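Scroll down for the structure; my scribbles are underneath it.
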Amino acid sequence: QVQLQESGGGLVQAGGSLRLSCAASGSIFRINTMAWHRQAPEKQRELVAGITVGGNTNYADSVKGRFTISRDNAKNTVYLQMNSLKPEDTAVYYCTVLYQASLGAAFSYSWGQGTQVTVSS
């Protein structure tokens with residue numbers, strides 16, 4: 001079992017910045033992709049950004065140029081630097097990891113509990 005501890009959410013004015021962190025712990029042999037998703041009220045959950053173990057990244061069009069995803073493989077931690085925040089970025093942000101619990105095991109997904117980001121206009 002893998003636990004994800006997210007932090008860094010909060011209330012910020014439009015144009016401001018926040019940095020989210022997510023640390024994975026537990027039965028981890030290898031982590032492959034790490035990502036951030038978000039869900040706004042009455043909207044479907046969407047992928048915000050993802051990063052592979054090799055550092056390749058992808059972003060939702062709505063956040064390109066404003067958000068940066070990064071990871072520290074030694075700490076099993078993924079970050080999301082969010083700049084130039086807009087009210088439409090308001091959502092609960094979830095960290096996800098694709099991991100192996102042991103050598104040869106199947107890869108599994110784990111989700112964090114979510115952290116609220118609120119951007120006021």
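What the table shows:
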read-out	value
Pairs, first loosely packed, with under 15 Cβ neighbours inside 10 Å in the stretch 49-77, second of a type outside the set (Gly, Ala, Ser) and in a helix (DSSP H, G or I), C-beta under 9 Å, six or more apart	Val53/Asn73; Ser62/Glu88; Ser62/Asp89
Some residue of the stretch 78-87 being assigned to a strand (DSSP E or B), aliphatic (A, V, I, L, M) and touching a helix residue (DSSP H, G or I) at 6+ places or on another chain (Cβ under 8 Å)	yes
Total residues in the stretch 92-121, condition in a strand (DSSP E or B) and under 17 Å from Leu4 (Cβ atoms)	17
Residue pairs meeting the criteria (Cβ under 7 Å; at least 6 apart or on separate chains; first under 19 Å from Leu80 (Cβ atoms), in the stretch 25-46; second acidic (Asp, Glu))	His37/Glu46; Arg38/Glu46
Filter result for the condition that a residue is out of contact with any Lys or Arg (no Cβ under 9 Å at 6 or more places or on another chain) and over 14 Å from Glu6 (Cβ atoms), over Arg66, Arg19, Arg45, Arg30	Arg30
Residue selected from the stretch 96-121 under the condition open to solvent by less than 60 Å² (accessible area, probe 1.4 Å) and within 12 Å of Gly9 (Cα to Cα), by the criterion farthest from the chain's Cα centre (by Cα)	Val119
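The values are calculated or read from the model by the stated rules, or taken from the named source; none is laboratory data. Because the structure is a prediction, the values reported are computed rather than measured. A quick note on method: Cβ atoms are made from the backbone with ideal geometry, for glycine too, and the neighbour counts reach across all protein chains shown. With ligands, DNA and RNA removed, areas are computed over all heavy atoms of the protein, side chains included. Shrake-Rupley method; radii C 1.70, N 1.55, O 1.52, S 1.80 Å.
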